[in-house]
Amino acid sequence: MKRGIFTLLGLFAILVVAYFTASKWAIRHETLSFYDAARNRVIDVAIAVRRDKEMQANAGLLTLPVAIVNHGNTVKFTEYSFLANVLAARGYLVTSIQHDLATDAPLVTKVGELYVGRLPVYQRGVANIEFVIDQMEKIQPNADYDHLTLVGHSNGGDISMYFAKMHPDNVKKVVTLDNLRVPFLTDGKFKILSFRSKDPVFKADPGVVPDNDTCEQSGITVVDTGFQHTDMSDRGPDNVKTSIQGVLDKFLEGESKLAPVETKKIAVPKPDSVAQVAPPIN
């Protein structure tokens with residue numbers, strides 16, 4: 001009996017890998033540069049979209065859902081392909097934005113100030129997203145830019161949550177990977193999924209992550225993992241990325257097997273291997 005169960009689990013794992021592999025080959029990737037003349041700023045973006053869904057959208061047969069991916073501090077916009085591929089496989093038009101430029105001032109930490117002094121960074125991120133959406137509408141008009149899915153790691157998760165705070169009526173879902181500064185929105189206007197690390201260095205500020213009762217009332221899914229904060233990008237080990245992909249894929253299904261437990265905390269086992277220490281992300 002045990003052998004049969006292990007065989008079935010092995011086949012399931014093979015099918016999951018095959019699904020994402022096949023989907024990856026069917027996804028078109030493109031990198032573009034936009035110029036925001038009003039702010040004298042170049043904004044690079046990485047686009048991922050399923051070829052068949054893009055063709056159907058171009059023919060006017062469907063409207064593509066839109067996902068915006070926001071990177072963490074010191075990580076590039078191209079280093080979240082493991083997330084972009086899951087979103088694109090689900091039919092999303094995915095746009096990953098490079099928020100930081102070499103000429104930008106470094107992140108600061110000012111205790112006692114709102115968001116530890118990082119409000120200007122989040123406001124700049126919101127302006128970047130708004131500008132990129134305006135540009136993307138010209139490239140692919142058959143997409144739903146009024147009901148966004150926002151995805152972000154660390155500082156990018158805070159940008160995502162802050163954008164949702166500023167534009168709640170234009171957001172459908174928010175997915176964060178260990179955002180640390182901007183508190184979750186608890187009015188229940190959109191679904192929230194958040195992966196939390198178990199990291200002694202990177203800790204969320206008080207009040208960022210709601211308590212269990214508030215999560216249950218607000219439809220917030222908090223996934224407590226054993227992962228390191230810096231592992232939640234393409235730099236991380238494969239088993240970390242695969243675990244995140246699996247939960248994210250279920251979350252994107254909408255009414256899925258995840259739905260009955262979407263307002264509860266989910267524990268993800270600690271990975272066997274740990275990635276090498278990367279530069280700080282916060």
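Residue by residue through segment 44-72, note down the ones that are closer than 12 Å to ARG90 by Cα and free of Cβ contacts under 8 Å to residues at least 24 places away in the same chain. If the condition is that a residue be closer than 12 Å to ARG90 by Cα and free of Cβ contacts under 8 Å to residues at least 24 places away in the same chain, then no residue fits.
Candidates THR103, THR63: the one that is at pLDDT 95 or above and closer than 20 Å to VAL132 by Cα is THR63. Considering every residue within segment 73-81, establish whether at least one is free of Cβ contacts under 8 Å to residues at least 24 places away in the same chain, in a helix (DSSP H, G or I) and surrounded by fewer than 18 Cβ atoms within 10 Å (Cβ to Cβ). Scanning segment 73-81, I find no residue that is free of Cβ contacts under 8 Å to residues at least 24 places away in the same chain, in a helix (DSSP H, G or I) and surrounded by fewer than 18 Cβ atoms within 10 Å (Cβ to Cβ), so the answer is no. Just to verify a result, which residue in segment 127-156, among those that are open to solvent by less than 10 Å² (accessible area, probe 1.4 Å) and of a type in the set (Val, Ile, Thr), is farthest from ASP100 (Cα to Cα)? Step by step, filter segment 127-156, then rank; the result is THR149.
Kindly evaluate ILE159 against the criterion of being under 23 Å from ASP249 (Cα atoms), part of a helix (DSSP H, G or I) and open to solvent by less than 80 Å² (accessible area, probe 1.4 Å). Spelling it out, ILE159 is indeed under 23 Å from ASP249 (Cα atoms), part of a helix (DSSP H, G or I) and open to solvent by less than 80 Å² (accessible area, probe 1.4 Å).
For the condition farther than 30 Å from LEU61 by Cα, out of contact with any helix residue (DSSP H, G or I) (no Cβ under 9 Å at 6 or more places or on another chain) and in a helix (DSSP H, G or I), what is the one hit in PRO106, PRO120? Step by step, each of PRO106, PRO120 is checked, and only PRO120 is farther than 30 Å from LEU61 by Cα, out of contact with any helix residue (DSSP H, G or I) (no Cβ under 9 Å at 6 or more places or on another chain) and in a helix (DSSP H, G or I).
Looking at segment 184-196, is at least one residue open to solvent by less than 50 Å² (accessible area, probe 1.4 Å), assigned to a loop (DSSP other than H, G, I, E, B), more than 27 Å from GLY91 (Cβ to Cβ) and not hydroxyl-bearing (Ser, Thr, Tyr)? Checked segment 184-196: no residue is open to solvent by less than 50 Å² (accessible area, probe 1.4 Å), assigned to a loop (DSSP other than H, G, I, E, B), more than 27 Å from GLY91 (Cβ to Cβ) and not hydroxyl-bearing (Ser, Thr, Tyr). Could you check segment 56-72 and list, in sequence order, the residues that are open to solvent by less than 10 Å² (accessible area, probe 1.4 Å) and either in a helix (DSSP H, G or I) or closer than 17 Å to SER160 by Cα (or both)? Scanning segment 56-72 gives ALA57, VAL66, ALA67, ILE68, VAL69, ASN70, HIS71, GLY72. Does segment 40-55 include one or more residues that are open to solvent by less than 100 Å² (accessible area, probe 1.4 Å), modelled with pLDDT under 95, part of a helix (DSSP H, G or I) and in contact with a strand residue (DSSP E or B) (Cβ under 8 Å, 6 or more places away or on another chain)? Scanning segment 40-55 turns up no residue that is open to solvent by less than 100 Å² (accessible area, probe 1.4 Å), modelled with pLDDT under 95, part of a helix (DSSP H, G or I) and in contact with a strand residue (DSSP E or B) (Cβ under 8 Å, 6 or more places away or on another chain).
Within segment 130-153, residues that are closer than 21 Å to THR78 by Cβ and touching a residue at least 12 places away in the same chain (Cβ under 8 Å) have Cβ atoms under 7 Å from residues that are assigned to a helix (DSSP H, G or I) and open to solvent by 10 Å² or more (accessible area, probe 1.4 Å) in these pairs: LEU148/ASN170, counting only partners at least 6 apart in sequence or on another chain.
Taking the conditions (1) surrounded by 15 or more Cβ atoms within 10 Å (Cβ to Cβ); (2) farther than 20 Å from GLU253 by Cβ; (3) of a type outside the set (Lys, Arg); (4) at pLDDT 95 or above in turn, VAL174 satisfies each one other than (2). When we screen GLN123, GLN98 for residues that are buried (at least 17 other Cβ atoms within 10 Å of the Cβ), at pLDDT 95 or above and of a type in the set (S, T, N, Q), the only hit is GLN98.
The values are calculated or read from the model by the stated rules, or taken from the named source; none is laboratory data. Here the structure is a predicted model, which is why all the values come from computation and not from measurement. Note that we place each Cβ from the backbone using ideal geometry, even for glycine, and neighbour counts take in every protein chain shown. Areas reflect the complete protein model, heavy atoms only, side chains present, ligands, DNA and RNA absent. Shrake-Rupley method; radii C 1.70, N 1.55, O 1.52, S 1.80 Å.
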